[in-house]
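The values are calculated or read from the model by the stated rules, or taken from the named source; none is laboratory data. Fair warning: this is a prediction, and the values are worked out from it, not measured in the lab. Here the Cβ is made from the backbone with ideal geometry for all residues, glycine too, and neighbour counts use every protein chain on show.
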Amino acid sequence: MLVKVRFGESQKYVKVAKNEEGYEDFNTFLQKVIEKLGLPLQTVLHLTDESGTEVDADVFEELLQAGDLTIKVSTEKSTVVLHEDQSCTSLESPVWDTSSSPSSRSTVSSVQSDSSDATIILERNSGMKRTHADREAAQMMVRDVLQSKPGGGEILHEYDQTKTLMDGTHRQMVNLLVADMIEVHGRVPPTWVRTKYAVGIITLFPNLRDPYSKNGYEHYYDAESGSGYLAWRIKTVQRNTAIQSRRCSTSMTSTYGPKSTRDFLLIDEQLFGEECCEAISLLKHSTDQSVIKEKMRATFQHRQTLVQDQQASLAVLDVFPRFLDTPGLIDQDFTMMFGGEVSGRFLAKWPSYFKAKILADCKNLISNEHIEDLLSPQQNSNEFGWDSDLSSILLLVHLLPPTAKGHKKSAKISSCQAIDHVVRYLRIGASVETFLGSVEPGQPFLLCVGEQKNNIQRFYVIVDHKAIPCKAQTSLAAFDELFKAHFIFSVNYHESLNNFYTFIQTTVFNIDVGNTKESPRVKELRARLLRTDT
């Protein structure tokens, strides 16, 4: 199949191969686009369809199946900032009005980029804010829509009773509001309209607000990235009705995570050159725990250089074998990377706050045998399941289940299957080496060895078929080390657990908040769990 690619004033055709398993994957297509356009190999592309809607791996195959796909490509973005008209006496600048264009009280200034086909983004001036009247009008609009639509009254009633919305009710609310938006404003609702509906939702339902995002409503509509529940539903409706006249400014969002290059909070002098080589040699032969930890701290920066190198990273455990027999080195490296306060956040916040919130929220899940097994330790009625702390963590996988990746080569797996990529159990007495020989290579996971699942004697973080002993004596502390291993060894999260680990990263550890690309489902769950009961 040929895909038409527009880049500035030029137009190219890129062939997408198809085999028995389906179309080639999205990353292969991106590489072909870069080669076709003659761009540098490391170019970051921003892709939209003719409507301006973001094209990513999740929808790539669906768009191909629809046929006649045209994609606009840019390498940079420009911004359009709304400035308040000088004639206005108030410092409160509106973002919308009741007409079909942005507020007449605002003037538009454009900041152009070097790109020949830049994506346009609407941003609020940081010195301005939305008026109370604007928020109240948005709230009344959303309430009126729901009251006038079949099933809308039940949505309002459920929130009044529970102060939240179950997944099914939440989807129904989004569907009703998008249907109304398209009915009133056409199949291409302007950005200010989508934003108004998003503001109306969190104003009418304040417990659905995301306290970690800039405005609290980005999981419903984010004008900068064109993502969110409202945007996704609009995209689905438009695609199903074959309408190609949409215009929605979008851009790709940078992803921050374990493999990101970052500055470290180093507090120890680092060794380089011959001194570093001598320290590494000493590490391989020393049995003194204090010397091992001292030299590991002094070679931290060199080790991070290795793990950031795609080729050298495979040998990091050969260069630094003390990881394999000296518990506590994972936590030591992570603390040097982020500092002690960040390093201790999971163990401080999970048992005191998140555990109870997760358990309460799981009452809204559709129950099955696996969920019941994870919930039963909380009532001390399961002698063979995981302990209550680890069970609460694994329940988060059910709240943030794996999603389809948009191409058949990476089929969607169930939450139960995804949990096998978090933790595995081995009965005490069995050979760890034999177990590792039977495991397929993949991302790090936790191996628990004990008499039974709720009585574990030893914990290991498995990395590259090697078992790193945990310093932890509890399942909660062992999972803490598992999460940290992704960062100190620069390993991506398993694709089926991306939402799960991203939630732990941003919401619990507060790492790269605002920079990490989060799915609306992650933001929605955070809004539910962090809401303040009134």
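Structure values in brief
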{"item": "Residue that is modelled with the highest pLDDT [pool: residues in the stretch 376-385 that are touching a Ser or Thr at 6+ places or on another chain (Cβ under 7 Å) and of a type outside the set (G, A, S)]", "result": "P377"}
{"item": "Scan of the stretch 295-311 for residues that are surrounded by fewer than 18 Cβ atoms within 10 Å (Cβ to Cβ) and assigned to a loop (DSSP other than H, G, I, E, B), ordered by number", "result": "D309, Q310, Q311"}
{"item": "Hits in the stretch 379-398 - residues which are in contact with a Lys or Arg (Cβ under 9 Å, 6 or more places away or on another chain) and in a helix (DSSP H, G or I)", "result": "S388, D389, L390, S392, I393"}
{"item": "Unmet criterion (only one of (1) touching a Pro at 6+ places or on another chain (Cβ under 7 Å); (2) of a type outside the set (A, V, I, L, M, F, W, C); (3) buried (at least 23 other Cβ atoms within 10 Å of the Cβ)) for S490", "result": "(3)"}
{"item": "Members of the stretch 6-46 that are at pLDDT 80 or above, closer than 30 Å to P190 by Cβ and assigned to a strand (DSSP E or B)", "result": "R6, F7, S10, Q11"}
{"item": "Number of the condition not met by L530 [criteria: (1) out of contact with any Pro (no Cβ under 6 Å at 6 or more places or on another chain); (2) surrounded by fewer than 22 Cβ atoms within 10 Å (Cβ to Cβ); (3) under 18 Å from I358 (Cβ atoms); (4) not charged (D, E, K, R)]", "result": "(1)"}
{"item": "Every residue from the stretch 472-489 that is modelled with pLDDT of 95 or more and outside any helix (DSSP H, G or I)", "result": "T474"}
{"item": "Test: residue in the stretch 216-229 that is part of a strand (DSSP E or B) and either at pLDDT below 90 or among the hydroxyl-bearing types (S, T, Y) (or both)", "result": "yes"}
{"item": "Residues satisfying the stated conditions in the stretch 273-294, i.e. exposed (fewer than 13 other Cβ atoms within 10 Å of the Cβ) and not charged (D, E, K, R)", "result": "G273, S281, H285, T287, Q289, S290"}
{"item": "Among residues of the stretch 507-528, those that are within 11 Å of Y212 (Cβ to Cβ) and among the hydroxyl-bearing types (S, T, Y), counted", "result": "2"}
{"item": "Out of L156, L165, sole residue that is buried (at least 20 other Cβ atoms within 10 Å of the Cβ) and more than 24 Å from T516 (Cα to Cα)", "result": "L165"}
{"item": "Check on P206, over 21 Å from L365 (Cα atoms), under 26 Å from the mean Cα position of the chain (by Cα) and in contact (Cβ under 8 Å) with a residue 12 or more places away in the chain", "result": "yes"}
{"item": "Hits in the stretch 265-280 - residues which are in contact (Cβ under 8 Å) with a residue 40 or more places away in the chain and over 19 Å from L317 (Cβ atoms)", "result": "L265, L266, I267, D268"}
{"item": "Total residues in the stretch 429-471, condition of a type in the set (D, E, K, R), assigned to a strand (DSSP E or B) and under 21 Å from L329 (Cα atoms)", "result": "2"}
{"item": "Criterion violated by V188 - all others in (1) within 23 Å of G152 (Cα to Cα); (2) touching a Lys or Arg at 6+ places or on another chain (Cβ under 6 Å) satisfied", "result": "(1)"}
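Listed here are the residues, each with its yes/no results for (1) in contact with a helix residue (DSSP H, G or I) (Cβ under 7 Å, 6 or more places away or on another chain); (2) within 19 Å of E218 (Cα to Cα); (3) modelled with pLDDT under 90.
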| site | (1), (2), (3) |
| --- | --- |
| L91 | no, no, yes |
| I120 | no, yes, yes |
| A133 | no, no, yes |
| I155 | yes, no, no |
| T164 | yes, yes, no |
| M181 | yes, yes, no |
